[in-house]
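First comes the structure, then the notes that go with it.
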């Protein structure tokens with residue numbers, strides 16, 4: 001992943017530009033994916049970047065994420081999918097859960113900036129990737145788009161989702177194979 005070498009942090013491209021292109025051709029509602037602030041937080045190096053503190057970086061990161069979400073919703077995205085692929089990797093790297101909880105805390109700060117209507121149109125997407133051995137029970141509860149096709153034990157995943165599902169949650173399960 002790229003590393004930040006100085007501030008100010010700004011997105012070079014926002015997903016709303018891709019949404020505009022997709023909506024020109026779509027005949028059905030469009031779900032737009034955006035990267036999570038927690039994934040982008042990994043761009044800040046462990047050592048301080050001279051003249052640009054981690055706090056300043058996080059402030060700028062959250063502002064950019066909020067702007068991207070608002071633009072996508074304003075331009076007509078039916079819903080937004082926040083890609084949280086680093087969630088299961090965080091549990092694999094740090095079994096104590098501290099890294100995962102820092103990611104979740106950061107993403108919650110971003111979600112708190114959204115209106116109630118905006119939050120109803122947001123979901124979190126995760127899939128096994130390189131962290132297939134990390135159990136979904138370590139990530140829940142939240143709203144999730146789950147890519148089930150690559151799971152080793154799909155029935156186990158569905159049971160976990162069912163056991164942890166709360167009335168205000170939504171979990172959309174995808175089962176497409178490549």
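The values are calculated or read from the model by the stated rules, or taken from the named source; none is laboratory data. This one's a predicted model, so the numbers in the text were calculated from it and none came from an experiment. Cβ sites come from the backbone with ideal geometry, for glycine too, and all protein chains shown count toward neighbours.
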Among (1) at pLDDT 90 or above; (2) farther than 23 Å from residue 112 by Cα - the single one residue 6 does not satisfy: (1)
Long-range neighbours under 7 Å by Cβ, at least six apart or interchain, first residue at positive phi within region 64-88, second surrounded by fewer than 18 Cβ atoms within 10 Å (Cβ to Cβ): 76/23
Within region 44-56, considering residues that are closer than 13 Å to residue 9 by Cβ and touching a helix residue (DSSP H, G or I) at 6+ places or on another chain (Cβ under 8 Å), the one surrounded by the fewest Cβ atoms within 10 Å (Cβ to Cβ): 49
Residues within region 107-132 that are under 17 Å from residue 147 (Cβ atoms) and either modelled with pLDDT of 85 or more or part of a helix (DSSP H, G or I) (or both), tallied: 3
Filtered residues of region 23-41 (kept if assigned to a loop (DSSP other than H, G, I, E, B), out of contact with any helix residue (DSSP H, G or I) (no Cβ under 7 Å at 6 or more places or on another chain) and in contact (Cβ under 8 Å) with a residue 24 or more places away in the chain): 29
